[in-house]
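The next block holds one structure in the form of structure tokens; read it before the comments.
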Amino acid sequence: MSAIYTVATIIALLGAFICYVFITQSLEKKRKQKQRLTQALNQRAKVFRYILSGFPPNFLTRELTLLVQRCLTDVLQQLARLNPSDKSHVEELALVAGQIQATQQRDDGHKRPSLQSPQQVKDVKTHLQELFKFLTHLQRKGTIKKVEADDFGQQIKQLVLQISIDSYVLQAKQARQAEKPKLAIHYFSLAQKLIEKDESGQYAKQSAKLSQIIQALEADAGEPAKAPEPDEAAQDKEWEEMEKPDSWKKKNIYD
């Protein structure tokens, strides 16, 4: 009988050990899955914060700002559920909720702020590229419809136009400060040509101001400057560059 008890005890212990190993492995697997998901969500939240903080105040349209803010809210809610002991997610959720309310109440009819330096032009362009990549991902997943994606894309394209105009104006101002009036006229004229392509009418005042500046510079130069080579496709070049697949070769952190 003792031999039977011994065998039964060994079998019981072996079974308990196997159960222990199975449960331990299952818990470890769940822990790693949770860790990977948390890391992915944290990275996603980082990108949304990067997009929202990378533009001058009120530079993005209200609709684009709300889209990113709501996506950040969704990610923070997931993080709060995954890690209830981490109160920072709940605190940030309250902060973003206040920002969403402020954005909803914002008057979006004002002129967008002009960019003030070549570095700011570069930074804003980078953030717009990241935002465009995000929109492409949302459309691919079916989160937003094509008509919505097209509308958002058109808003970004309008912002690309402003970046191009601001870039030329900045180069013109630098040329004028360096006492190179003909070069200044060249860049001011390129900015003017881009404005002439716009059908929204939002640059009418800037166009009139640029015309006055160009006339004054031509008067100082003593003769009308040679018209710049046509560069009316500058905005389209920026847009085409943004749409190139090669622009998104880095790892897709939205997936």
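Key figures
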| read-out | value |
| --- | --- |
| Tally, over the stretch 137-181, of residues that are assigned to a loop (DSSP other than H, G, I, E, B) and either aliphatic (A, V, I, L, M) or in contact with a Lys or Arg (Cβ under 6 Å, 6 or more places away or on another chain) (or both) | 2 |
| Matching residues, the stretch 70-123, being touching a helix residue (DSSP H, G or I) at 6+ places or on another chain (Cβ under 6 Å), aliphatic (A, V, I, L, M) and not in a loop (DSSP other than H, G, I, E, B) | Leu72, Val75, Leu76, Leu79, Ala80, Leu82, Val90, Leu93, Val96, Ile100, Val121 |
| Matching residues in the stretch 72-87 - criterion: being surrounded by fewer than 16 Cβ atoms within 10 Å (Cβ to Cβ) and either basic (Lys, Arg) or within 23 Å of the chain's Cα centre (by Cα) (or both) | Asp74, Gln77, Arg81, Lys87 |
| Cross-chain or 6+ apart pairs with Cβ under 6 Å, the stretch 178-191 first and within 17 Å of Pro118 (Cβ to Cβ), then open to solvent by 20 Å² or more (accessible area, probe 1.4 Å) and of a type outside the set (A, V, I, L, M, F, W, C) | Ala184/Arg176; Tyr187/Tyr168; Tyr187/Gln171; Leu190/Tyr168; Leu190/Asp231; Ala191/Tyr168 |
| From the options Lys146, Lys141, Lys133, Lys122, residue that is within 16 Å of the chain's Cα centre (by Cα), open to solvent by 60 Å² or more (accessible area, probe 1.4 Å) and not β-branched (Val, Ile, Thr) | Lys122 |
| Test result for Asp108, open to solvent by 30 Å² or more (accessible area, probe 1.4 Å) and under 17 Å from Ser53 (Cα atoms) | no |
| The listed residue being surrounded by 10 or more Cβ atoms within 10 Å (Cβ to Cβ) and either at pLDDT below 90 or of a type in the set (Val, Ile, Thr) (or both), out of Ala12, Ala45, Ala3 | Ala12 |
| Hits in the stretch 136-174 (condition: in contact with a Phe, Trp or Tyr (Cβ under 8 Å, 6 or more places away or on another chain) and under 23 Å from Ser200 (Cα atoms)) | Gly153, Ile156, Lys157, Leu159, Val160, Ile165, Tyr168, Val169 |
| Any chance Glu91 is at pLDDT 85 or above, among the acidic types (Asp, Glu) and open to solvent by 60 Å² or more (accessible area, probe 1.4 Å) | yes |
| Hey, Lys205 in contact with a helix residue (DSSP H, G or I) (Cβ under 6 Å, 6 or more places away or on another chain), at pLDDT below 90 and assigned to a helix (DSSP H, G or I) or not | no |
| Test: Thr38 is of a type in the set (Ser, Thr, Tyr) and either surrounded by fewer than 15 Cβ atoms within 10 Å (Cβ to Cβ) or more than 23 Å from Asp150 (Cβ to Cβ) (or both) | yes |
| So Leu67, is it touching a Phe, Trp or Tyr at 6+ places or on another chain (Cβ under 8 Å), crowded, with 17+ Cβ neighbours inside 10 Å, in a helix (DSSP H, G or I) and modelled with pLDDT of 90 or more | yes |
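The values are calculated or read from the model by the stated rules, or taken from the named source; none is laboratory data. Just so it is clear, the structure is predicted and the values come from calculations on it, not from any experiment. Glycine gets a Cβ as well: all are built from the backbone with ideal geometry, and neighbour counts include every protein chain shown. Just the protein is used for accessible areas: all its heavy atoms, side chains included, with ligands, DNA and RNA removed. Shrake-Rupley method; radii C 1.70, N 1.55, O 1.52, S 1.80 Å.
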